[in-house]
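Some notes on the structure that comes next.
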Amino acid sequence: MSFLTPDQPPKVEEPAAEIASGARLVPRITIQAFCEHSQTAQLVESAMHDRRMSKVALTTHNGGIDGAVETYKANPTPNLIVVETTLPPEEIPQALGRLAEVCDASTRVIVLGHVNDVLLYRELIRSGISEYIVLPASAQDIVTSITELYSAEGAAPIGRTIGFVSAKGGSGGSTVAHNVAWSIATTLRQDCLIVDMDLPFGTAGLNFNQDPPHGLADAVLASQKVDQTMLDRLMSKAAAHINLLTAPAMLDRTWDFEERDFEQIIEICQKSVPVVILDIPHTWNAWTRQTLASLDEVVIVAEPDLANLRNAKNLVDAIKVMRPSENATGLVINKQNLPRRPEIGAVEFANSVECRLLGQIGFDAALFGTAANNGQMIAEVSANSKVNEVYRSIGMQVTGRQAGHGAGKSASLLKLPTLFKKRA
């Protein structure tokens, strides 16, 4: 020890900032609903459009409690029964008692009633009913009740999944995804996992100057054998709080997948890290569609031109059908102010495709080219660059730390065509 330079106390890293956790999907169960009104049947069926119910098999029937009793006298009961009743409060427990006589002990029951009675609710819960929902209710109420019913008591929060997809090839979706992950890791000190889903041409390894021997392809090819231990072994550490599941980027085979081939891998990832960034390739097939439908946040990265606007509009329309109860899709306008190119203003672009504008990133060939060639993030090449603040803002918004604010102003440089005007 030197008397001139006394030992400095070790630097202690600040604790991680809190972020919104991911939505927990309902496991693969069967649900049968017995409704007394067609409107209630439509309500229950509309709940199936929620992405949390993507694994659930639902059938609806008429008849209420009596219909359920008659059905299960000769048929096995499903995992969950949803029954509507219009009976007076004093008659409901007795009717449900008849249902209990024909149900398996493991079957759960949710009752949809028309009487708002606290005493009735308490009696039903004491008798073993899983939940009592007073109508009129929303599909969101039903989904939330089912989700809470099948999430383990005291279960740890799961990681938030954020997918980045380019509206057009070359729009920079991968670059934005990787730099946003870097910003989340350094600003919020949250562990991030970047999953490069572009197996033949992915760039996560290049952008972080990594060449790991294993990655996402090994997990996919392992199929049902993949587990948490295997996934931890396949991950490579790129920086503090950042891990990668890289793509092989090889053409020695074709990479064709079924609709749900990535589902189990993503769920395991969510259990190990609080933020999962999915770098989704610019393709459209069954597995990309299913992946986009299941994520907590979807962000489209687009350049401010007509082809990107058309593709972004098509993507948003498809995503709305798959995720009707979710927030509007996020949008990042990339490569703004390209020399001599007429451009569509960012705000006008976002309004036309009905997206939340998360950020605008200017074109800087020298900065981004240097970062790409060196295998570095923008913050490593130029810590003072204003684009780092844009990445930080995007990271704060997609993790639920901060609401969108329009992400700045942008003048419209090109009048939009009538292609996307609403028809009368």
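Applying the selection to region 360-382, what residues are open to solvent by less than 60 Å² (accessible area, probe 1.4 Å), in a loop (DSSP other than H, G, I, E, B) and free of Cβ contacts under 8 Å to residues at least 40 places away in the same chain?
The answer is S382, and nothing else.
Which residue is least open to solvent (accessible area, probe 1.4 Å), if the candidates are limited to region 39-73 and must be over 19 Å from the mean Cα position of the chain (by Cα), of a type in the set (A, V, I, L, M, F, W, C) and closer than 29 Å to W287 by Cβ?
Among those that are over 19 Å from the mean Cα position of the chain (by Cα), of a type in the set (A, V, I, L, M, F, W, C) and closer than 29 Å to W287 by Cβ, it is V44.
Would you point out the residue of region 187-234, among those that are of a type in the set (D, E, K, R) and either over 23 Å from V390 (Cα atoms) or touching a Phe, Trp or Tyr at 6+ places or on another chain (Cβ under 8 Å) (or both), that is modelled with the lowest pLDDT?
K225
Could you tell me whether any residue of region 400-412 is more than 22 Å from I19 (Cα to Cα), at pLDDT below 95, in contact with a Pro (Cβ under 6 Å, 6 or more places away or on another chain) and of a type in the set (A, V, I, L, M, F, W, C)? Step through it out loud before you land on a result.
Of the residues in region 400-412, the ones more than 22 Å from I19 (Cα to Cα) are 408-412.
Filter once more, keeping what is at pLDDT below 95: 408-412.
Within this subset, residues satisfying the condition of being in contact with a Pro (Cβ under 6 Å, 6 or more places away or on another chain) are none.
No, region 400-412 contains no residue that is more than 22 Å from I19 (Cα to Cα), at pLDDT below 95, in contact with a Pro (Cβ under 6 Å, 6 or more places away or on another chain) and of a type in the set (A, V, I, L, M, F, W, C).
Assess whether R24 counts as being basic (K, R), free of Cβ contacts under 8 Å to residues at least 40 places away in the same chain and either open to solvent by less than 20 Å² (accessible area, probe 1.4 Å) or outside any helix (DSSP H, G or I) (or both).
Considered against the rule, which asks whether it is basic (K, R), free of Cβ contacts under 8 Å to residues at least 40 places away in the same chain and either open to solvent by less than 20 Å² (accessible area, probe 1.4 Å) or outside any helix (DSSP H, G or I) (or both), R24 comes out as no.
Examine region 281-296 for a residue that is under 23 Å from V165 (Cα atoms), charged (D, E, K, R), modelled with pLDDT of 90 or more and in contact with a Lys or Arg (Cβ under 7 Å, 6 or more places away or on another chain), and state whether such a residue exists.
Pass one, region 281-296, residues under 23 Å from V165 (Cα atoms): 281-296.
Then drop every residue that is not charged (D, E, K, R), which leaves 289, 296.
Checking which are modelled with pLDDT of 90 or more leaves us with 289, 296.
Among the residues that remain, those that are also in contact with a Lys or Arg (Cβ under 7 Å, 6 or more places away or on another chain) are: 296.
Among the residues of region 281-296, at least one is under 23 Å from V165 (Cα atoms), charged (D, E, K, R), modelled with pLDDT of 90 or more and in contact with a Lys or Arg (Cβ under 7 Å, 6 or more places away or on another chain), which makes the answer yes.
So if I check each of I92, I81, I184, I129, which one is within 30 Å of V381 (Cβ to Cβ) and either among the aliphatic types (A, V, I, L, M) or surrounded by fewer than 20 Cβ atoms within 10 Å (Cβ to Cβ) (or both)?
I184
Inspect region 102-118 for any residue being over 37 Å from the mean Cα position of the chain (by Cα) and at pLDDT 90 or above and give the result as yes or no.
Scanning region 102-118 turns up at least one residue that is over 37 Å from the mean Cα position of the chain (by Cα) and at pLDDT 90 or above.
Does S166 satisfy the criteria of being farther than 22 Å from D232 by Cα, open to solvent by 30 Å² or more (accessible area, probe 1.4 Å) and in contact with a strand residue (DSSP E or B) (Cβ under 7 Å, 6 or more places away or on another chain)? Before you say what the answer is, go through the steps one by one.
Working: farther than 22 Å from D232 by Cα: yes; open to solvent by 30 Å² or more (accessible area, probe 1.4 Å): no; in contact with a strand residue (DSSP E or B) (Cβ under 7 Å, 6 or more places away or on another chain): yes.
The answer is no for S166.
Between a residue in region 83-106 that is touching a residue at least 40 places away in the same chain (Cβ under 8 Å) and any residue that is open to solvent by 70 Å² or more (accessible area, probe 1.4 Å), which pairs come within a Cβ distance under 8 Å, given they are 6 or more apart or on different chains?
So the pair list comes out as E84/E36; E84/H37; T85/E36; T85/H114; T86/E36; T86/H114.
Here are the criteria: (1) modelled with pLDDT of 95 or more; (2) closer than 24 Å to C192 by Cα; (3) among the β-branched types (V, I, T). Tell me which single one V316 does not satisfy.
V316 satisfies every listed condition except (2).
Considering every residue within region 235-252, establish whether at least one is assigned to a helix (DSSP H, G or I) and among the aliphatic types (A, V, I, L, M).
no
Here's the yes/no breakdown for (1) in a loop (DSSP other than H, G, I, E, B); (2) open to solvent by less than 10 Å² (accessible area, probe 1.4 Å); (3) hydroxyl-bearing (S, T, Y); (4) closer than 19 Å to G375 by Cβ:
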residue	(1), (2), (3), (4)
T229	no, no, yes, no
E258	yes, no, no, no
K271	no, no, no, no
V301	no, yes, no, no
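Of the residues that make up region 187-205, is at least one part of a helix (DSSP H, G or I) and open to solvent by 60 Å² or more (accessible area, probe 1.4 Å)? Give the derivation first.
Filtering region 187-205 down to residues part of a helix (DSSP H, G or I) leaves 187, 204-205.
Restricting the remaining residues to those that are open to solvent by 60 Å² or more (accessible area, probe 1.4 Å) gives none.
No, every residue in region 187-205 fails to be part of a helix (DSSP H, G or I) and open to solvent by 60 Å² or more (accessible area, probe 1.4 Å).
The values are calculated or read from the model by the stated rules, or taken from the named source; none is laboratory data. Because the structure is predicted, anything quoted here is derived from the model rather than measured. Here Cβ is always computed from backbone atoms with ideal geometry, including for glycine, and neighbour counts include all displayed protein chains. Accessible surface is based on the protein model in full, side chains and every heavy atom, while ligands, DNA and RNA are left aside. Shrake-Rupley method; radii C 1.70, N 1.55, O 1.52, S 1.80 Å.
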